[in-house]
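Working notes, beginning with the structure itself.
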């Protein structure tokens, strides 16, 4: 039966019953919900028939674009054959086992063992348990502290929120759980002052060594970081940063955890961001691009040292009903096939990534844009009041939100993080769509300039 409800009908139902993530409920109650009904390629349509160019690939995740029939078919086949079975109690399914094997051929060297979850938050929460269990079995039960960074986002479950370095996340609970610490994030433009990028990168990394020494190496379990900090504002570190982080972790026998929830599956021009930045983590999390968001699935990858220690501890009292869900695993396998067959990783590195950044670089002539940053299919424009002093807008002024809304009015979806406009388009975006994106964003920036009287 055809559903004849109008946009007003959907908005009324939504405001009455649906609690939204990361949203002010007052906005939903006022009827400002965007009702998205269809997607194709890099475009989505709302319930009023309006088309939007999705510059965020959903939520950093629809890497192969909307409406891929291959993924729909993979779901249908698996649903018909076996819609569900768990991996508890010595059971598996062909789809989850095949996915674990396929991932072992793509991940950085040594990361050959995979524990499946349904989200990046669950994966990072799982890492906290697994790493602390690892050190307990290693005879070092005091090694419990996780070090993360300011402006980091690792999820919104209780432990994952403590890994985050975002004050508004911590304010909701009144702080973090015990045994979580943070160091400065490596944003050269915002924090580098008069230092060159390479010098700042080393200085930002060496904050980790200082923190380990303050806390005591015997107490520090792991350092966790996104290769590029996504939800913190697309903060791509200087080239000196990650090698120094890895050196420090190895020096003090602190496990290195790469959060690849956003960076994984081609977004930085390699299968994983760790490969882009030349590091070999001990543990790695992945989600989003694993299935291009078509179904919820995530994973924790472990190297041999971590896995063999944990597997020697007997019964593993951890897991989820939907760990390795066969339908989600089937769509993830089909999604990886598309990325490989269409050469999307190479395309990001050699074609669409460079074109995106060359095109966006022209927007830095705007008086409100202080910096373009990012790598591959990740980008951000830093909005500032004064280019000479790098003076940022305040949260109360809300330049980022104003510019985001101006983009929406033009049929372009972007995200505002702090006072930056961030972009994470599907890896299948065309040159023509990038041109459209840049044109609409340029118009929105001009409106923002006029609003804040920066001419």
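Assuming residue 279 fulfils every condition listed in (1) in a strand (DSSP E or B); (2) more than 13 Å from residue 113 (Cα to Cα) apart from one, which condition is it?
(1)
Might you check whether a residue that is in a loop (DSSP other than H, G, I, E, B), modelled with pLDDT of 95 or more, touching a strand residue (DSSP E or B) at 6+ places or on another chain (Cβ under 6 Å) and closer than 19 Å to residue 246 by Cα occurs anywhere in segment 171-188?
Looking for residues that are in a loop (DSSP other than H, G, I, E, B), modelled with pLDDT of 95 or more, touching a strand residue (DSSP E or B) at 6+ places or on another chain (Cβ under 6 Å) and closer than 19 Å to residue 246 by Cα, one finds at least one in segment 171-188, hence yes.
Identify the residue in segment 31-65 that is assigned to a strand (DSSP E or B) and touching a residue at least 40 places away in the same chain (Cβ under 8 Å) and, among all such residues, is farthest from residue 440 (Cα to Cα).
41
Listed here are the residues, each with its yes/no results for (1) closer than 21 Å to residue 437 by Cβ; (2) free of Cβ contacts under 8 Å to residues at least 60 places away in the same chain; (3) in contact with a strand residue (DSSP E or B) (Cβ under 9 Å, 6 or more places away or on another chain).
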position	(1), (2), (3)
339	no, no, no
353	yes, no, yes
360	yes, no, yes
385	no, no, yes
390	no, no, yes
398	no, yes, yes
409	yes, yes, no
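Here is a check on your reading of the model: is residue 132 within 18 Å of residue 313 (Cβ to Cβ) and surrounded by fewer than 23 Cβ atoms within 10 Å (Cβ to Cβ)?
yes
Can you tell me how many residues in segment 250-273 are in a helix (DSSP H, G or I) and either assigned by TED's automatic domain parsing to the domain that holds residue 55 or touching a helix residue (DSSP H, G or I) at 6+ places or on another chain (Cβ under 8 Å) (or both)?
Residues in segment 250-273 being in a helix (DSSP H, G or I) and either assigned by TED's automatic domain parsing to the domain that holds residue 55 or touching a helix residue (DSSP H, G or I) at 6+ places or on another chain (Cβ under 8 Å) (or both): 1 in total.
If you scan segment 352-368, which residues turn out to be surrounded by fewer than 22 Cβ atoms within 10 Å (Cβ to Cβ) and within 24 Å of the chain's Cα centre (by Cα)?
354, 355, 357, 358, 359, 361
For the structure I just gave you, tell me whether residue 89 is at pLDDT below 95 and either more than 27 Å from the chain's Cα centre (by Cα) or surrounded by fewer than 14 Cβ atoms within 10 Å (Cβ to Cβ) (or both).
Values: at pLDDT below 95: yes; either more than 27 Å from the chain's Cα centre (by Cα) or surrounded by fewer than 14 Cβ atoms within 10 Å (Cβ to Cβ) (or both): yes.
Taking the combined requirement at face value, the residue satisfies it.
The values are calculated or read from the model by the stated rules, or taken from the named source; none is laboratory data. Note that the coordinates shown come from a computational prediction; the quantities given were computed from them, not determined experimentally. Note: ideal-geometry Cβ built from the backbone for every residue, glycine included; neighbour counts use all protein chains shown.
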